[in-house]
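Right, one structure below, let's go through it.
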Amino acid sequence: MASDNSLWKSSAVDVLRADPGFDLDNFDRKGTPGFTGNKSDGERLLGERGQVLSDLQELLYANGRSGDKRSVLLVLQGMDTAGKGGMVRHVIGHVDPSGVKHAAFGVPTEEEKKHHYLWRIEKELPRGGYLGVFDRSHYEDVLVVRVHDLVPPDVWGARYDEINDFEEKLVAGGTTIVKVAMFLSLDEQKERLEERLDRPDKFWKYNPGDVTERKLWPAYQQAYSAMIDKTSTEHAPWYVVPCDRKWYSRIAVTELLIDALEKLELDWPKADFDVEAEKARLAES
Ligand code: ADP
């Protein structure tokens, strides 16, 4: 029984990155790409790698406190019940919440509607040293907005380039963006919705509107496909994560975040005081 990361035969980053021509129609939503272990391996690994993630996030936070402007932003997009909330609890739950900037984006408020769609996004961006987490995001403005014709096609059509420019500037400013598109199958979504209706402790998660949205599944798949095609860029690629098996999606996103943090090559910030002099002062006190 392996207790390290050797159960990944290809790294999550390599195997989940949406390459040009990515075909959503034939994407296996029950798959566990790159991973050779089973559910219990995955659950064990989540604890171990969650600790690695936590250590790296502490380094990021420490550097932020010392003036480093860099940050990491996890963007989670997916249909209802794909597991966005569980991702936050089970993956981000490993790290110190003081260093996390979490934001969930629902139907825009009256105030938000008065502004450009990126206005509410900009307000929630992580500062240097922070791990930002977006549960839904500016991509709703090319997904639900497109599917429901909330604005004319030329308006949402122009947003792909605008979003690419916006993200390019963020990256240039020191934010690593980890964009995760979470895909579950229509059958699995039905089971998860049924569970919400069968269990009183899950009623609070049920929204009758979710069943209405299910009927629009093909239109959503088209919108997701276009989103990936047009906004998976060099500076901010999409990672496509199969989500029928929650344990897999969680270890996969953990790996994507670890990779993003490792690439920052962080070290503990140097003391900005004379350590020996301080020791002497402390001893005398
Ligand atoms: P969740 O369903 O994720 O628990 P909420 O019910 O608070 O969260 O809000 C999610 C809903 O808000 C989704 O149906 C989503 O499509 C919708 N939404 C998010 N952003 C927008 C937007 N820009 N325009 C219209 N609807 C949006």
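Quick note: the coordinates plus some simple rules give every number you see, no bench work behind them. If you're wondering where the values come from, they're calculated on a predicted model, not measured in any experiment. Neighbour counts run over all protein chains shown; Cβ positions are idealised from the backbone, glycine included.
For the subset of the range 171-189 comprising residues that are under 24 Å from Tyr224 (Cα atoms) and not hydrophobic (A, V, I, L, M, F, W, C), which member is surrounded by the most Cβ atoms within 10 Å (Cβ to Cβ)? Among those that are under 24 Å from Tyr224 (Cα atoms) and not hydrophobic (A, V, I, L, M, F, W, C), it is Lys179. Counting only helices (runs of 4 or more DSSP H) that sit completely within the range 155-271, those holding 1 or more residues that are over 21 Å from Met79 (Cβ atoms) correspond to 159-172, 246-262.
Using the structure shown, decide if Arg192 is surrounded by 14 or more Cβ atoms within 10 Å (Cβ to Cβ), more than 17 Å from the chain's Cα centre (by Cα), within 14 Å of the ligand (Cβ to nearest atom) and of a type outside the set (Gly, Ala, Ser). So that I can check it myself, show each step before the final result.
Numbers: surrounded by 14 or more Cβ atoms within 10 Å (Cβ to Cβ): yes; more than 17 Å from the chain's Cα centre (by Cα): yes; within 14 Å of the ligand (Cβ to nearest atom): yes; of a type outside the set (Gly, Ala, Ser): yes.
Yes: the conditions hold for Arg192.
List pairs: first residue in the range 143-163 and of a type in the set (Lys, Arg), second residue crowded, with 16+ Cβ neighbours inside 10 Å anywhere in the structure, Cβ distance under 7 angstrom, at least six positions apart or on different chains. Close Cβ pairs (under 7 Å, with a partner that is crowded, with 16+ Cβ neighbours inside 10 Å) amount to Arg146/Trp156; Arg146/Ala223; Arg159/Asp141; Arg159/Val142.
Of all residues being more than 18 Å from the chain's Cα centre (by Cα) and not in a loop (DSSP other than H, G, I, E, B) in the range 99-143, which is nearest to Lys230 (Cα to Cα)? Just the residue, please. For the range 99-143, the residue satisfying everything is Trp119. Checking each residue in the range 211-221 for being within 16 Å of the ligand (Cβ to nearest atom) and either within 15 Å of the chain's Cα centre (by Cα) or without any contact (Cβ under 8 Å) to a residue 12 or more places away in the chain (or both) picks out Thr212, Lys215. Taking the conditions (1) outside any helix (DSSP H, G or I); (2) more than 16 Å from the ligand (Cβ to nearest atom); (3) over 29 Å from Pro242 (Cα atoms) in turn, Val72 satisfies each one other than (3).
Before we move on, is Asp19 more than 16 Å from the ligand (Cβ to nearest atom) and either part of a loop (DSSP other than H, G, I, E, B) or aromatic (Phe, Trp, Tyr) (or both)? Yes, satisfied.
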